[in-house]
Amino acid sequence: MFTADKRALIKLINSTLGKNYDPETTSFTELKTEFIVPSDYIEDEENDSKDAESSDSSNNIEFVRIIADMIIKLNNDVYHIEIETNAGQTIAIRIIGYSLGYAYNALRNRGVNNKILIELPAPILIQIDPHNHLPERIPIEVRASGSDDMLTYDIKVIKLWEYEVEDLVAQDKYLLLPFILLRHRKSTGAPEETKAFASELRKIARAISDLYQSNRISSYLAINLMNITEKFAEYINTGQYSDDSETKKEIETMETTRFLMAQEIEAISVARGRAEGEARGRAEGEARCRAEGEASGRAEGEARGESRGEARGKNEVKQIIKQHFQGVSSREIADNLDLSVTEVVSTLIEVGLNPN
């Protein structure tokens, strides 16, 4: 979903890190997200079995394959985005593990010269559930043993539980709209919580529709956002709210909106294709007619010019014969003027002289 519209993802980076990338001209590349690291990087995380697979061990050190959520490149800058429902104590260690995995692979692919540059992706942690002790930035300090030089590597944190729908739209973080629903997944199912869930679902659907209608997001992204919101809503409504009827109605409304939007997009695409086809056909027809007209005019002009030239030349021959060749034999005239005897005889008759 995050890559459904690169412009929206670039705006999320700009808003979160205070950058100023142009969404229209910035180059965008998805990078590899799988890396091999020591298993110590991911210990004590309840969900790590879903994100890591053990590989062969060597010298009593076990290595695992870890998978980051997303690593992207904007122009020459690299960013790592990680989404967590419950960030444990080792989340920072895991993120630095992803970063070092990326840096090692990039270094291996680039080769080593006299100077080695280790470049780490700038990380963003999107935390969904409330976390009392999670700061706005998680600082990681790197120091070589025996040196006083210190490098601080910050992880920027988006505390999603603090955002409302309006905040995400206003701050160009609307890619995160569906994830707001996940904070309801631990609800007790009380009537007021059920009502709040249906209300938030309605607000998200309206926000996505407004973003699309105002051309702030593409049709493809709008449909993707609605589709993921529906899936989250169905999952939570079934598990926490016992298929609440009001929530089901909101989900059905969103499905209808998404269907109508898809139909509208298809109709626009067909109309645009037809208009482009007609314009192309008209242009090709005009070009063909122009080319044919030019060719015809050129041929006609050449023929007319040739005819006029022949007539002018014939008149000149007549004048020359009348003035200089009266009484001269047809053969002698033909030799002097580089004409055939037949042409000379015909010309003599036309000017009223007797051929001899």
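Where a number appears in this text, it was derived from the coordinates with a stated rule and is not lab data. The shown structure was predicted, so the numbers you read here are calculated from the model rather than taken from an experiment. All Cβ positions, even for glycine, are placed from backbone atoms using ideal geometry, and neighbour counts span all protein chains on display.
Give the residue list of GluC sites (Glu not before Pro) in segment 135-199 that are DSSP loop and have at most 12 other beta-carbon atoms within 10 angstrom. Write out the running numbers ahead of the final one.
Details: sites: Glu136, Glu141, Glu162, Glu164, Glu166, Glu192, Glu193; in loops: Glu136, Glu164.
Qualifying residues, ordered by number: Glu136, Glu164.
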Please list, in order along segment 191-200, the HN-Hα scalar couplings obtained from phi with the Karplus expression 6.51 cos²θ - 1.76 cosθ + 1.60 (θ = phi - 60°), rounded to whole Hz, x for Gly and Pro.
x, 5, 6, 5, 5, 5, 5, 4, 5, 5
Which cross-chain or sequence-distant (5 or more) residues have an amide H under 5 Å from the amide H of Ala122, H modelled 1.01 Å from N in plane?
Val78, Tyr79, His80
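Calculated FRET efficiency, Asp77 and Cys289, Cβ-Cβ r, R0 35 Å, to nearest 0.05?
Values: r = 53 Å, r/R0 = 1.51.
The value I calculate is 0.10.
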Cross-link pairs Lys73/Lys173; Lys32/Lys231; Lys32/Lys186; Lys32/Lys203; Lys11/Lys249 - those with Cα-Cα distance over 25 Å
Lys32/Lys231; Lys32/Lys186; Lys32/Lys203; Lys11/Lys249
